[in-house]
Every structure is written in structure tokens, then in C-alpha cells.
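Working notes, beginning with the structure itself.
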Amino acid sequence: MSTLEIDVGDLRARSVDFTATEFVVTLADGRKIATPLDWYPRLKRASSAERANYEIMPMGIHCPDIDEDLGIAGMLAGRRGA
């Protein structure tokens, strides 16, 4: 039996943006991951100022004002926030 491995490339975030309905992360290599804001209840309830206060970590995003950590790999896998 063989195992399928997929090279997902560089998963470091470069920037974060929000639309009315989406959480959008631009990766270091230029790809964008857009996920529904509904998947992340704390982000959805957060104010614009709270959303704007984020830290780019090696493999994800940390939002200290709302105590939310979002991993890029989880976003790609379709994992929703709690």
C-alpha cells in the first residue's frame, strides 16, 4: 500500500484581510486562502479593531484580543474554529 503525499508549499502567512463574509489569508508565495467567516465565531463577533490586531506566526495567525489561534494547515483542511 502506498501513501499519497502532497507538497502544499510554503504555508507562511504574509497578510490577513476580511470581507463581509470571508477571512482571507495571503500566503508568502502569493496564494490566497479564503474561508467563510461563519467558520470562526469569535472572529465573526469581533470588532474591526479586534480583527485588525493579529500576529502572523510561523504556521498561522494569532488574534490576541479574542484569544484565537488559526493554523494555516487547518484552514486548508477545512477545519472550523470553536
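What to note about this one:
- Test result for Ala20, surrounded by fewer than 18 Cβ atoms within 10 Å (Cβ to Cβ), touching a strand residue (DSSP E or B) at 6+ places or on another chain (Cβ under 6 Å) and at pLDDT below 95: no
- Boolean, Asp65 is modelled with pLDDT of 95 or more and either on the phi < 0 side of the Ramachandran plot or of a type in the set (Ser, Thr, Tyr) (or both): yes
- When the strands (runs of 3 or more DSSP E) confined to the range 41-82 are screened for residues that are surrounded by 14 or more Cβ atoms within 10 Å (Cβ to Cβ), those reaching at least 3 such residues are found at 60-63, 68-71.
- Residues satisfying the stated conditions in the range 24-40, i.e. surrounded by 14 or more Cβ atoms within 10 Å (Cβ to Cβ), free of Cβ contacts under 8 Å to residues at least 24 places away in the same chain, in a strand (DSSP E or B) and not polar (S, T, N, Q): Val24, Ala34
- The set of residues in the range 8-17 that are loosely packed, with under 15 Cβ neighbours inside 10 Å and closer than 17 Å to Ser48 by Cα comprises Ser15, Asp17.
The values are calculated or read from the model by the stated rules, or taken from the named source; none is laboratory data. Remember, it's a predicted structure, so these values are computed and weren't measured experimentally. Here the Cβ is made from the backbone with ideal geometry for all residues, glycine too, and neighbour counts use every protein chain on show.
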